[in-house]
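The values are calculated or read from the model by the stated rules, or taken from the named source; none is laboratory data. Since this is a predicted model, take the numbers as computed values, not measurements. Glycine also receives a Cβ, built like all others from the backbone with ideal geometry; neighbour counts cover every protein chain displayed.
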Amino acid sequence: MTLAILKEGLLLFALAAISLVFATCLAPYPAFSNDQIWKIVQEDKMFGRTTTYVSERGLLREFPQLGASTISLKPYGKVLLFSDETKMCCPMTMEEWRKWILRTTMSLSTTVSGSLMKQSWTGGIPLTVDGIRATSYTLKVEGSEQVRVKSFRAVQVVKVILADDIEINSSLAKVYSECYCLPFSTKLPLRIDYIYSPNTRTSVLSTLKASLMPANSDIIRLPVGYKMVKSVLNVTTGGMIEDLLIDVVPLTGVSSGKRKPQLHPQTNSR
């Protein structure tokens, strides 16, 4: 009798321990703190697979499909676009970056009426995305106020998931809002779906993986020793466009107006 009770007690203890392990594994990440960096890997219909690093210090987003990355640090007055392959960079004001993003995404993104962006984030449903606390929202598009994608099919509903604990600067958030045609929010978007009919949708943005990194990983920092150029295209091509102008101008007799690029101090490379 005593042996049976002992076995039953051990079984209950084992089940409790397993339940605790599962509860710990499935629990969402803790709220954002100063000593953490979020690493978010996403599939973006406009930019391909991207990796975003967010901390209290700033935001770094890598665009392998473009061969470049962008970084903006507090106080978020400027954005630096750079390439680790070409070792070149191009500084931009927030407004210049916003215009570049909109031009870059115009053919793949959307043309949208202003009413959708003026909607409010209400009626959200709490959930988790790869351990991140988040909220799902449904934005309905009615009447003539329609979103249209490249195929010119009218979007009826936009479903968006925003991270509860990952916030970005308001200047950066404004660019995210205009880029994805969403109401303004400082919460980082984790998923965006355009729904044309009950059985037809397009995933504009989806989160593949999320993880926390310690702040001492030193990933969100400005590149050092990169050549500064005036053109974003030169950053991604390694100056091939400028070299082409140098070859063509003597034949045409037209000045290219090319300036000699400035250099960062040649110290440690990124």
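Among what's in the stretch 207-227 and is among the hydroxyl-bearing types (Ser, Thr, Tyr) and crowded, with 16+ Cβ neighbours inside 10 Å, pick the residue that is nearest to Glu62 (Cα to Cα). Break it down into steps so the answer makes sense when it comes.
The initial filter retains those residues of the stretch 207-227 that are among the hydroxyl-bearing types (Ser, Thr, Tyr), namely 207, 211, 217, 226.
With crowded, with 16+ Cβ neighbours inside 10 Å added as a condition, the list becomes 207, 226.
On the way: Thr207: 14, Tyr226: 17 Å.
Among them, the one singled out is Thr207.
Looking at Leu222, Leu162, Leu182, which is the one that is part of a loop (DSSP other than H, G, I, E, B), modelled with pLDDT of 80 or more and farther than 23 Å from Gln65 by Cα?
Numbers: Leu222 fails: farther than 23 Å from Gln65 by Cα; Leu162 fails: part of a loop (DSSP other than H, G, I, E, B).
Answer to the check: Leu182.
Only one of these is among the basic types (Lys, Arg), within 20 Å of Thr186 (Cα to Cα) and modelled with pLDDT under 95: Lys39, Lys118. Name it.
Numbers: Lys39 fails: modelled with pLDDT under 95.
Result: Lys118 is the single residue among Lys39, Lys118 that is among the basic types (Lys, Arg), within 20 Å of Thr186 (Cα to Cα) and modelled with pLDDT under 95.
Provide a single number: the residues in the stretch 205-241 that are within 30 Å of Val160 (Cα to Cα) and in contact with a Cys (Cβ under 9 Å, 6 or more places away or on another chain).
0
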